[in-house]
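Data first, discussion second: the structure below is written as structure tokens.
The values are calculated or read from the model by the stated rules, or taken from the named source; none is laboratory data. Note that this is a predicted model, so its numbers are computed, not measured. When we count neighbours, we look across all protein chains shown, and the Cβ atoms used for this are built from the backbone with ideal geometry, even at glycine. What goes into the accessible areas is simple: the full protein's heavy atoms, side chains included, and nothing from ligands, DNA or RNA. Shrake-Rupley method; radii C 1.70, N 1.55, O 1.52, S 1.80 Å.
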Amino acid sequence: MTLTESHITTLLEEVMDPEIPTISIVDLGIVTGIDIEHDAVKITLTPTFSGCPALKIMEEMVADKLNGENIKNEVITSFEKQWNTNMISEKGLEALKKHGLAPPPRHKGYIELDVLSDTPCPLCNSRNTTMQTPFGPTLCRSMHYCKNCLNGFEGFKPVS
Amino acid sequence: MELTERHVEGLKHLLYKMADDLLIIGHRNSEWTGMGPILEEDIAFSSMAQDKIGQSLAIYNILHEMGEQEPDTVAFTRNASSFHCSQLVEQPIGEYDFSLVRHFLYDYADAIRFDMLSNSIFEPLAMVCKKFRGELKYHTMHANIWIKDLAEGNEESKTRIQNALNKAYPMALSLFEPSEFDKELSEAEIFSGEAKCRTIWEKEVGTVILEAGLEIPQVSDPEEYYGGRSGKHTEHLQPLLDEMTEVFQIDPTADW
């Protein structure tokens with residue numbers, strides 16, 4: 001069988017983020033390279049955060065997936081292409097919301113505090129919200145409070 | 001441009017001091033885990049700790065690619081005198097006001113350094129610094145909010161922040177201790193140098209301090225806390241290393 005990039009992508013779309021199981025690593029935007037040479041593929045991942053502990057696990061999940069299909073592979077992590085939240089696909093933004101996380105707003109290369117202070121509530125869509133802290137249960141999340149439906153919620157924070 | 005042996009030596013010196021600062025401040029930040037004055041601050045310092053340690057690993061990885069030892073070996077087997085961190089980061093966490101002010105002064109310095117190095121001709125470093133820049137945004141944002149809120153809180157909170165600033169500011173100058181490689185690294189467009197970092201830092205932290213209604217401390221001896229870059233440390237570093245490496249030392253060859 002000849003390997004194609006689209007076939008590999010389809011397989012990687014089944015590898016989900018270990019901490020946010022509604023989003024695939026493809027939709028998260030961390031697959032920055034699929035290099036096919038003969039019957040082997042080299043996958044390059046880029047970290048969402050330098051200190052993300054899920055990184056090694058995701059490398060192993062990708063290798064497991066490809067091994068399961070008997071595809072020779074090498075998985076590496078590289079900072080060559082730096083991840084930012086604009087790399088999350090539209091489908092990915094929906095997937096985050098499905099997990100109860102406010103998706104990050106699209107940005108123009110820089111993040112201002114205002115962007116975080118009126119994050120739409122993923123439960124009732126109100127913008128009448130405040131950010132309580134830019135840090136949360138994982139490095140990629142911030143914590144907010146909705147003054148409309150009176151619920152606390154988490155946001156996937158924008159990163160430039 | 002071809003890097004000379006001298007450039008490589010200067011680069012390693014730069015990378016070690018950056019990575020060691022990150023590892024040690026990361027460890028100090030992690031000492032707030034479970035101990036923060038409020039839950040959100042516990043999480044904030046723990047998250048920043050995780051970022052710092054992740055960033056130190058990325059830099060130790062670059063050093064490893066340049067022929068230095070494995071990151072774990074470098075992080076866990078050196079004594080205090082082989083560390084190149086500044087004397088600011090090794091100071092004990094003290095009370096929350098000191099940790100907060102140190103985090104403010106330190107993170108502004110790192111943000112400036114990472115910003116400069118994003119344009120370095122040394123690609124591996126430029127790439128990670130572009131990444132770190134985005135992460136640091138949340139650290140400086142956090143510092144700004146709290147410095148302002150506490151300075152404008154009540155008499156006690158304002159006095160505490162000013163006192164912590166008076167103590168930490170002279171120590172923070174140790175972050176910019178000049179290096180013998182500064183001139184060559186700057187000429188080679190690898191790193192613009194400590195003096196330039198310090199000038200920008202003084203302007204940026206000065207703005208925040210004054211806007212919060214606080215005073216910029218006068219420093220009588222800017223070199224008082226120098227020495228960390230060449231392995232001269234306070235009595236606080238070795239006990240930190242002993243604690244940090246305690247589990248590793250039980251069985252250095254253990255596979256995790």
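Every test in (1) in a loop (DSSP other than H, G, I, E, B); (2) open to solvent by 30 Å² or more (accessible area, probe 1.4 Å); (3) in contact with a strand residue (DSSP E or B) (Cβ under 7 Å, 6 or more places away or on another chain); (4) within 10 Å of chain B (Cβ to nearest Cβ) is passed by A:L123 save one, and that test is (4).
B:E9 meets each of the listed conditions (1) more than 14 Å from chain A (Cβ to nearest Cβ); (2) touching a Phe, Trp or Tyr at 6+ places or on another chain (Cβ under 8 Å); (3) surrounded by fewer than 16 Cβ atoms within 10 Å (Cβ to Cβ); (4) in a loop (DSSP other than H, G, I, E, B) apart from (4). Considering (1) modelled with pLDDT of 95 or more; (2) away from chain B (no Cβ under 14 Å); (3) farther than 21 Å from B:I53 by Cα, the lone condition that A:D39 does not fulfil carries the number (1).
Here the helices (runs of 4 or more DSSP H) wholly within segment B:12-105 that include at least 1 residues being under 22 Å from B:A172 (Cα atoms) and in contact with a helix residue (DSSP H, G or I) (Cβ under 6 Å, 6 or more places away or on another chain) are B:39-65, B:87-90.
Residue by residue, here is whether (1) under 23 Å from B:E65 (Cα atoms); (2) assigned to a loop (DSSP other than H, G, I, E, B); (3) under 13 Å from the mean Cα position of the chain (by Cα) holds:
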{"residue": "A:N67", "(1), (2), (3)": "no, no, no"}
{"residue": "A:N70", "(1), (2), (3)": "no, yes, no"}
{"residue": "A:I76", "(1), (2), (3)": "yes, no, no"}
{"residue": "A:N86", "(1), (2), (3)": "no, no, yes"}
{"residue": "A:R106", "(1), (2), (3)": "no, yes, no"}
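Taken over segment B:101-113, the criterion of being within 14 Å of another protein chain (Cβ to nearest Cβ) and buried (at least 22 other Cβ atoms within 10 Å of the Cβ) is satisfied by B:H103, B:D107, B:D110. Which residue out of A:L12, A:L101 is of a type outside the set (G, A, S), under 21 Å from A:M143 (Cβ atoms) and under 17 Å from the mean Cα position of the chain (by Cα)? Exactly one of A:L12, A:L101 is of a type outside the set (G, A, S), under 21 Å from A:M143 (Cβ atoms) and under 17 Å from the mean Cα position of the chain (by Cα), namely A:L101.
Test B:F248 against the criterion of being open to solvent by less than 70 Å² (accessible area, probe 1.4 Å), in contact with an Asp or Glu (Cβ under 9 Å, 6 or more places away or on another chain) and assigned to a loop (DSSP other than H, G, I, E, B), and give yes or no. Taking the combined requirement at face value, the residue does not satisfy it. Among the numbered conditions (1) within 14 Å of chain B (Cβ to nearest Cβ); (2) among the β-branched types (V, I, T); (3) in contact with a strand residue (DSSP E or B) (Cβ under 7 Å, 6 or more places away or on another chain), tell me where A:I23 comes up short. With (1) within 14 Å of chain B (Cβ to nearest Cβ); (2) among the β-branched types (V, I, T); (3) in contact with a strand residue (DSSP E or B) (Cβ under 7 Å, 6 or more places away or on another chain) applied to A:I23, the lone miss is (1). If only residues of segment B:63-90 that are within 17 Å of B:E243 (Cα to Cα) and among the small types (G, A, S) are counted, the one that is most open to solvent (accessible area, probe 1.4 Å) is B:S81.
The sole residue among A:R106, A:R141 that is open to solvent by less than 40 Å² (accessible area, probe 1.4 Å), at pLDDT 90 or above, closer than 16 Å to A:L28 by Cα and of a type outside the set (D, E) is A:R141.
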